1. Quick one: which residue in Ala505, Ala527 is part of a strand (DSSP E or B), open to solvent by less than 70 Å² (accessible area, probe 1.4 Å), within 22 Å of Leu401 (Cβ to Cβ) and in the same structural domain as Ile428 (by the TED database)?
2. Restrict the check to the range 429-448 and report whether at least one residue is part of a helix (DSSP H, G or I), touching a helix residue (DSSP H, G or I) at 6+ places or on another chain (Cβ under 9 Å), aromatic (Phe, Trp, Tyr) and buried (at least 18 other Cβ atoms within 10 Å of the Cβ).
3. Looking at Asn385, is it surrounded by 16 or more Cβ atoms within 10 Å (Cβ to Cβ) and farther than 30 Å from Glu102 by Cβ?
4. Out of Thr461, Thr452, which single residue is among the hydroxyl-bearing types (Ser, Thr, Tyr), closer than 30 Å to Lys511 by Cα, out of contact with any strand residue (DSSP E or B) (no Cβ under 6 Å at 6 or more places or on another chain) and surrounded by fewer than 21 Cβ atoms within 10 Å (Cβ to Cβ)?
5. Please tell me if Lys326 is loosely packed, with under 15 Cβ neighbours inside 10 Å, modelled with pLDDT of 90 or more and either part of a loop (DSSP other than H, G, I, E, B) or touching a Leu at 6+ places or on another chain (Cβ under 6 Å) (or both).
6. For the range 40-67, how many residues meet the condition of being part of a helix (DSSP H, G or I) and either at pLDDT 80 or above or polar (S, T, N, Q) (or both)?
7. Taking the range 508-562 as the region of interest, how many residues are of a type in the set (Phe, Trp, Tyr) and touching a helix residue (DSSP H, G or I) at 6+ places or on another chain (Cβ under 6 Å)?
8. How many residues are surrounded by fewer than 12 Cβ atoms within 10 Å (Cβ to Cβ) and either under 16 Å from Glu81 (Cβ atoms) or of a type in the set (Gly, Ala, Ser) (or both) when one looks only at the range 24-34?
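The values are calculated or read from the model by the stated rules, or taken from the named source; none is laboratory data. Keep in mind that what you see is a predicted model, and the values were worked out from it rather than measured. Backbone-built Cβ (ideal geometry, glycine too); neighbour counts: all protein chains shown. When the accessible area is computed, the model is the full protein with side chains, heavy atoms only, and any ligands, DNA or RNA have been set aside. Shrake-Rupley method; radii C 1.70, N 1.55, O 1.52, S 1.80 Å.
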Amino acid sequence: MMTKRQRQGIWILWFLSVPLFIYIIVHSTLPVFLDHWLAVLSFLCLLIIASWFPLKFRHGSIVPLHGITLAVFLLFGFAVEVIVMQLAIFTSLLSLRTTVKELYRFPLNSLIFLIVSAISAAIFYLLGGMTGNITQSDLVGLSIPVLGYAFSYFFLNNWIIFVLRKYISGNKNSRFFDELLAWEAVSAILIIPVGITLVLLYQDVGYSAIFLIGFPLVLLSLFLKLYNESEQTASLLKKVSSFGYKVNEGLPVDDIYDLFLETIAAVFPLEQVLLYDRVEDDIRVIKIHHLNGRRIQQADQSDGISRKVFQTGKSLHFNRSSQWNKQGDMGLVNNAQSIISAPVMRDHQVVGVITLTSERIGAFEKSHLMVLEIMANYLSVAVQNARNYEKTKQESERCALTKLYNFRYFENLLLEAYDNSQKQYAIILIDLDHFKQINDTYGHQSGNEILTQVAQVLKNTVAENGVLARYGGEEFVVLLEGQHVPFAQDIAEAIRQAIESHLFAVVDDLKGRERKSVRITASIGVASKLEEDESAMSVLRNADRAMYMGAKQKGRNRVSLF
């Protein structure tokens, strides 16, 4: 996007050059206009009709006018071609639904085509070309000048646009040889021969040639437009299929959202993506993705269009702000022109909304909405599968009572990551003292409450220093990666003191359900990897020996090292 100063500069340059230049050439070629005004007007009408069938792409559009402008140039010369082309530019931009912010495109395109027309005409005349009354025999001698004119017109137009995009607008990813250039070449190859035929037929039958050739020319433009739209839809569906494949690779929910946003930004001509999730009977925005790459994780606002989609379960498509600005509080889409919004459905219920916005008028086609609805279905299934997987995984890895990792997870971690590896680590094994007395005195439910509270004490004490798991019964285990016995001993002693000093609240299930506070202690064993080939399970058994032989058998409530 050009800066405000650049847009102002374009307007100033246009006012200083184009009106004066057009005045001069009109004044100098007025007899030609007067003698051929009906023919020129007919060609202009043909240009205007053709301009209403642009080929739209993600980052631009093509209006296939090459053949008609070539015919005007060969029949009436440079001056008439310039005037007709300048008028056609205005109607072309109208067909592309230019916004107020994009009005600078008129003087910009006017300047570009003026330069291109002047240089191409100069090359044509330098190669020996002539304009006016051209016969079929003249075309043989004019073949090289015509090819020179057509090639220079095609090349210069695209090269100037490329330079403006890359070095003026700052689009560093812009490439000269891209999809736009390929389609421009195809349209030129197909339409320019038609333009030459139009010249010859006009010389033979007059004005009728404009309608005889103009009708199939418009049909060809329409065919190219329809073919282009079908190719665009096929390309969109291919990208959507790739997204559907990737989201089924077992990604976490956040990664699915990130992949979805990346795919959306690559597929649609948008400025902003709003991703909403259902919260009870309302929606809350969970992701906002802007074209410049800036992401906001959460926002308090929403918008009236997304809320309406949530309430009705039906998609909405707007081409300009006047179509939707009466929907209520627009919030996050307030600066947009074009909007498409689709519900995310699961079990016939709306569980989210996806809204895309663009500052361009008519940025989204019907095919875009269709593709968005398909992607919304993919997203719904992928997120539900990911959440089910994460829930199942957590249930298989966590202790249902304490929410700590269970021994199955801990054992797998030891065997997969530390068995027969060169990593240094230490293990702390914790056993609560006289825990059977707690169960016998207050009941097993009270014992479970104490285990839950012990787990919280351990979380607070170990924090990010290690992996904490419930070993079984009243035993817990801690894995300290990259640590030796001295550090592990300090952590173990901190655990022992934290448990000893904590007052554990229980309900006496055996005597009137009175709330009581009890104290407990723990015996702790510590071991670390001593030899390079020592197995992880051997270190765990050493910690177990240290706990029983060095702590339990020597009075409990102490830390013992292996």
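1. Result of the check over Ala505, Ala527: Ala505.
2. Looking through the range 429-448, at least one residue is part of a helix (DSSP H, G or I), touching a helix residue (DSSP H, G or I) at 6+ places or on another chain (Cβ under 9 Å), aromatic (Phe, Trp, Tyr) and buried (at least 18 other Cβ atoms within 10 Å of the Cβ).
3. On the way: surrounded by 16 or more Cβ atoms within 10 Å (Cβ to Cβ): yes; farther than 30 Å from Glu102 by Cβ: yes.
Spelling it out, Asn385 is indeed surrounded by 16 or more Cβ atoms within 10 Å (Cβ to Cβ) and farther than 30 Å from Glu102 by Cβ.
4. Of the residues listed, the single one that is among the hydroxyl-bearing types (Ser, Thr, Tyr), closer than 30 Å to Lys511 by Cα, out of contact with any strand residue (DSSP E or B) (no Cβ under 6 Å at 6 or more places or on another chain) and surrounded by fewer than 21 Cβ atoms within 10 Å (Cβ to Cβ) is Thr452.
5. Answer is no for this residue.
6. 6
7. Residues meeting the conditions: 1.
8. Within the range 24-34, the subset surrounded by fewer than 12 Cβ atoms within 10 Å (Cβ to Cβ) is 24, 27-28, 30-31, 34.
Cutting the leftovers down to either under 16 Å from Glu81 (Cβ atoms) or of a type in the set (Gly, Ala, Ser) (or both) gives us 24, 28, 30.
Matching residues across the range 24-34 total 3.
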